[in-house]
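Computed from the coordinates by the stated procedures, all read-outs in this text should not be read as laboratory data. If you're wondering where the values come from, they're calculated on a predicted model, not measured in any experiment. A quick note on method: Cβ atoms are made from the backbone with ideal geometry, for glycine too, and the neighbour counts reach across all protein chains shown.
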Amino acid sequence: VLDSLGAPTSMARLLSLMKAGLSSPAGTGASRLGRWVAKEDDDAVYLKVPMPGLTKEHVEVRADKNILVIKGEGEKQPWDGDDDSAVPKYNRRIEVPADAYKMDKIKAEMKNGVLWVTLLKVKEDERKDVFHVKIE
């Protein structure tokens, strides 16, 4: 198991880890989760999550209120015997400020054992928590 479903990591922390010393110049990070990439631009945050041995049928991505949940579990093979640790598993929870991202527009694609997740940002003029006050 690469990560248990403990306390979620905040999106801000995830991105700061990518920019800090835990990341290489290419923007990849290594942790007990293995190698993953988080990049950000003005429009979205992009996550690249390697999940070797898993296909899209083995992976679940969901937004649960303001938590992005990424789970994956492979199938037990006959040669694994009673060794449950041989089954590839992945569990990750990322706390996302729901007012800053379009939680209903999250995109996920699985290609060659790599999960690509795109979280679109809410533009300043689309935000419902920003009110412009008319000055009289």
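Some points to look at:
- For Lys71 and Glu124, a Förster radius of 41 Å and the Cβ-Cβ distance give a FRET efficiency of 0.80, rounded to the nearest 0.05.
- The value of relative contact order for segment 41-80, using C-alpha pairs under 8 Å at least six residues apart, is 31 percent.
- Listed by chain and number, the lysines placed with their C-alpha closer than 25 angstrom to that of Lys105 are Lys39, Lys48, Lys56, Lys65, Lys71, Lys121, Lys123, Lys128; residues fewer than eight positions away on the same chain are left out.
- With a simple spin-label model that places each label point 7 Å from the Cα along the Cα-to-Cβ direction, the separation between Phe131 and Trp116 comes to 4.1 nm.
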